[in-house]
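Structure, as structure tokens:
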Amino acid sequence: FTGDFVRHEADEMANPGVSVPAIIGNVTDIITSHLPGMATAFGVLGNDDNLEGYLTVITTDQPTNPWFVKAGAVLSSHGVMTQDDVLRSYEYGSYFKLEVGGLTLLNIATVMYSVLHVPVSQNGEPDPFGQFAWLRQELAEAAASNRSVWIVGHIPPGLESYGFTELWQPMYVKAYLDIVQDPVLGTAVAAQLFGHNHKDEFRLLPTAPEGAGPILVSSSISPIYLNNPSFKLVEYCPSTGRLLSFKVFYAEFPVEQGAVPQWRFGYDLLDAYPSLRNSSGGRGQPGVRQIDVEALARTLAEGLEEWATYADWYATQWPNALEDLAAFAEDSPAEAEYKAARRAQYLCSL
């Protein structure tokens, strides 16, 4: 789970100090009740999972953070985050490590890195909650023992693809990239999973170490930003920790008031994108890596069939501007130039 249990503008709800923790508990119950017996990783907080948007009070020099203590207590009481060591880490900085289904998941906090973080007076602390030091140590141990880990967070580093503005403060982008692009530490990262943007996207490291896994940005359940609700079923190899593929399931909106959304299969990653399948399949080593996503990005720039597929699923079958940028033989030279430039602009945000 990549965060944002709670609706936007939580501060407009009656008594958010009570409502927000209650919603965190309700969402946890609803999801886990539909996945009985399945190991879960809940706790990543989004920018709406506090008393107001993008609020994280940085308490690096304190043994615990009051809000994280409250959120951790809710999660623990609802049957997740029951391990003492995990809960202690969470109460301090809301980041934590879990071993789930053969995977090592490093769940990180990201709201304090945001360009919209409040209180603004706390921006600029070199390593809030010591999370970068923790991440570096965990990746060093994983690399030394030849283990793969997945990083899970809410707000991805880099640009957002609406207005092409920064999501993280530059100093934190640099600190994070220094870790995940490290030629030793970065080889242990088999995947990075984020949310926040409400769109189905991926990201690329500027200088990826050999074998680096993909960065996936999932769309949302909420349709507030013009997308159909969706979720992903991820396939991975438990022995290597490599992400093999994923399947998207979605429901079409709007529905009649009181009607139950009808969930259906959307697409399979490798079936939808032959260039990605050919790149990963030709290596003889199962698993999707950044180098395969780079091959997909080059194909998308052409604006042909795979671009049309990507645009259709960008907002999960909801009409969007990317659909207007597909290349057609009948395009005039001016149209072709314009579309190519807009596709390049979008791909630069990755």
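Name the single residue that is farthest from the chain's Cα centre (by Cα) among those in the range 195-246 being over 23 Å from Pro319 (Cβ atoms) and of a type in the set (Lys, Arg).
Here the residue is Arg242.
When you check Leu116 against the structure, is it touching a residue at least 40 places away in the same chain (Cβ under 8 Å) and assigned to a loop (DSSP other than H, G, I, E, B), yes or no?
Yes.
Look at Ala109 and say whether it is out of contact with any strand residue (DSSP E or B) (no Cβ under 9 Å at 6 or more places or on another chain) and buried (at least 21 other Cβ atoms within 10 Å of the Cβ).
yes
Which one is least open to solvent (accessible area, probe 1.4 Å) among residues in the range 206-222 that are among the hydrophobic types (A, V, I, L, M, F, W, C) and farther than 17 Å from His154 by Cα? Step through it out loud before you land on a result.
Residues of the range 206-222 that are among the hydrophobic types (A, V, I, L, M, F, W, C), as a first pass: 208, 212, 215-217, 221.
Going one step further and asking which of them are farther than 17 Å from His154 by Cα, we end up with 208, 212.
Values: Ala208: 39, Ala212: 6 Å².
The extreme case among them is Ala212.
Okay, residues lined up against (1) of a type outside the set (Gly, Ala, Ser); (2) part of a helix (DSSP H, G or I); (3) closer than 22 Å to Gln137 by Cβ:
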| residue | (1), (2), (3) |
| --- | --- |
| Ile24 | yes, yes, no |
| Ile31 | yes, yes, no |
| Thr64 | yes, no, yes |
| Gly72 | no, yes, yes |
| Ser89 | no, yes, yes |
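Any residue at all in the range 288-301 that's open to solvent by 20 Å² or more (accessible area, probe 1.4 Å), closer than 17 Å to Val217 by Cα, in contact (Cβ under 8 Å) with a residue 12 or more places away in the chain and among the acidic types (Asp, Glu)?
yes
For (1) free of Cβ contacts under 8 Å to residues at least 24 places away in the same chain; (2) within 26 Å of Ala190 (Cα to Cα); (3) touching an Asp or Glu at 6+ places or on another chain (Cβ under 6 Å), each residue gets a yes or a no:
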| site | (1), (2), (3) |
| --- | --- |
| Thr64 | no, no, yes |
| Val69 | yes, no, yes |
| Gly72 | no, no, yes |
| Gly79 | no, no, no |
| Gln83 | yes, yes, no |
| Leu87 | yes, yes, no |
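Using the structure shown, decide if Glu294 is under 21 Å from Thr240 (Cβ atoms), modelled with pLDDT of 95 or more and either in a helix (DSSP H, G or I) or not polar (S, T, N, Q) (or both).
Working: under 21 Å from Thr240 (Cβ atoms): yes; modelled with pLDDT of 95 or more: yes; either in a helix (DSSP H, G or I) or not polar (S, T, N, Q) (or both): yes.
In short, yes.
If a residue must be in a loop (DSSP other than H, G, I, E, B) and either modelled with pLDDT under 95 or open to solvent by less than 60 Å² (accessible area, probe 1.4 Å) (or both), how many such residues does the range 319-337 contain?
The total comes to 5.
If the requirement is being surrounded by fewer than 22 Cβ atoms within 10 Å (Cβ to Cβ) and not in a loop (DSSP other than H, G, I, E, B), which of these qualifies: Phe68, Phe132?
Going through Phe68, Phe132 in turn, just one is surrounded by fewer than 22 Cβ atoms within 10 Å (Cβ to Cβ) and not in a loop (DSSP other than H, G, I, E, B): Phe132.
Being at pLDDT below 95, farther than 21 Å from Trp150 by Cβ and either open to solvent by 20 Å² or more (accessible area, probe 1.4 Å) or out of contact with any strand residue (DSSP E or B) (no Cβ under 9 Å at 6 or more places or on another chain) (or both) is the requirement here; does Asp48 meet it?
No, not satisfied.
In the range 144-174, which residue that is open to solvent by 30 Å² or more (accessible area, probe 1.4 Å) and part of a helix (DSSP H, G or I) is farthest from Phe202 (Cα to Cα)?
Filtering the range 144-174 for residues that are open to solvent by 30 Å² or more (accessible area, probe 1.4 Å) and part of a helix (DSSP H, G or I), the one farthest from Phe202 (Cα to Cα) comes out as Ala144.
Within the range 338-347, is even one residue buried (at least 17 other Cβ atoms within 10 Å of the Cβ), among the hydroxyl-bearing types (Ser, Thr, Tyr) and in a helix (DSSP H, G or I)?
So far as the range 338-347 goes, yes, one or more of its residues are buried (at least 17 other Cβ atoms within 10 Å of the Cβ), among the hydroxyl-bearing types (Ser, Thr, Tyr) and in a helix (DSSP H, G or I).
The values are calculated or read from the model by the stated rules, or taken from the named source; none is laboratory data. Here the structure is a predicted model, which means the values were calculated and not measured. Cβ coordinates were reconstructed from backbone atoms using ideal geometry, including for glycine residues, and neighbour counts include every protein chain displayed. Just so you know, the surface numbers come from the protein's heavy atoms only, side chains and all, with ligands and any DNA or RNA stripped out. Shrake-Rupley method; radii C 1.70, N 1.55, O 1.52, S 1.80 Å.
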